[in-house]
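Working notes, structure below.
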Amino acid sequence: MKPIIGVLLRPEISYEGYEVMCIYNKVSMAVIKNGGIPIGIYPPTMETYQDKNINTTNNLSLEEWEDLKKIIDLCDGIICQGGDDYYDYDIKTIEYAHKINKPLMGICLGMQAMAIAFNGKLQAIGNLEHSKKGIDYAHKVDIKKPSKLFDILKTNKINVNSRHKYKVITTDLDIVGIADDGVVEVIEDKTKDFFIGVQWHPETMVEYDQLMNNLFKQFILSCKSNTK
């Protein structure tokens, strides 16, 4: 049975100027390519956090949270995808997935939201090496061992793309990947089946980088073990 992968939707503006909620196509394609079924998880509220250091949020009502939990419980795994701002429902979903050991992958902003959910803080970054769009590889990342990510990729040095404006400076999660300039690139909880956040965009690399495809493949395999 194919696992159902819930992807936290992001707000965008359509070509016609309408507000829409979306799953980025590359995320969907990476999930489908590796045997998963992507579905969107719609936020009960659209309260955003321009202050990137907020680490406690209580904006969802009890009813909204119960509705959100029902959707999360339908999923075998969760992807917290990239975007411009994170929301209360990102934080609540991350905390809940961690609590019940549901596989979760955080991508770019999603990794930053994971850090925030666990007493993290962010800081604006001006390094151009981390703001390169449209290129296959922007910089290298050193992967620590022992770590879940090292077990998946079987190497301690990888090349990644990069396009982000903030960096993680603290978090209670395990920091297991760092760029040459010290920017945190991977966080995880080693005690969970799959609870990994990466600062780059592996979904746009799966067609030309086997290691990034392996990351999605292992995520989907972890979700399969969670199927009902």
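Every number here is computed from the coordinates shown, using simple stated rules; none is lab data. All values derive from a computational prediction rather than experimental measurement. As a convention, Cβ positions derive from the backbone with ideal geometry for all residues, glycine included, and neighbour counts pool all protein chains shown.
Where does each of Tyr166, Tyr24, Tyr15 land when they are ranked from fewest to most other beta-carbon atoms within 10 angstrom? Intermediate values should be presented prior to the final figure.
Working: Tyr166 17, Tyr24 20, Tyr15 5.
Listed from fewest to most nearby Cβ atoms, that is Tyr15, Tyr166, Tyr24.
Is any helix in the chain, taking whole DSSP H runs, at least 15 angstrom long along its axis by alpha carbon and on average at least -1.0 on the Kyte-Doolittle scale, and which ones? Intermediate results must be reported in sequence, preceding the final value.
Details: long enough: 62-74 (19 Å, -0.45); 88-100 (18 Å, -0.73); 210-224 (20 Å, 0.22).
Taking the DSSP H segments of the chain (at least 15 Å long, mean hydropathy at least -1.0), we get 62-74, 88-100, 210-224.
Per 0.36 nm of contour for each residue apart, how much would the distance between Phe150 and Lys165 grow if the chain were fully extended, relative to their Cα-Cα spacing?
Working: separation 15, 0.36 × 15 = 5.40 nm, distance 2.58 nm.
Extending this stretch completely gives an extra 2.8 nm.
When Glu207, Glu188, Glu63 are ordered from fewest to most other Cβ atoms inside 10 Å of their Cβ, what list results? Provide the component values of the computation, followed by the final result.
Working: Glu207 13, Glu188 23, Glu63 9.
Lowest count first: Glu63, Glu207, Glu188.
Would you mind computing Rg(Cα) / (2.2 N^0.38 Å) for the range 4-224, counting N as its residues? Let's see the in-between values first.
Working: Rg = 16.1 Å, N = 221, 2.2 N^0.38 = 17.1 Å.
The reported ratio for this selection is 0.94.
Over the range 4-224, what is the relative contact order in percent, taking alpha-carbon pairs closer than 8 angstrom and at least six residues apart? Intermediate values should be presented prior to the final figure.
Numbers: 470 pairs, mean separation 46.0, N = 221.
The value is 21 percent.
When the chain is modelled as a GNM with alpha-carbon springs shorter than 10 Å, which of Ile72, Ile175, Ile135 fluctuates the most?
Ile135
When a footprinting reagent is the concern and you count Cβ atoms within 10 Å, what order do His201, His98 take, fewest first? List each step's numbers first, then the result.
Values: His201 22, His98 18.
The most exposed by this proxy come first: His98, His201.
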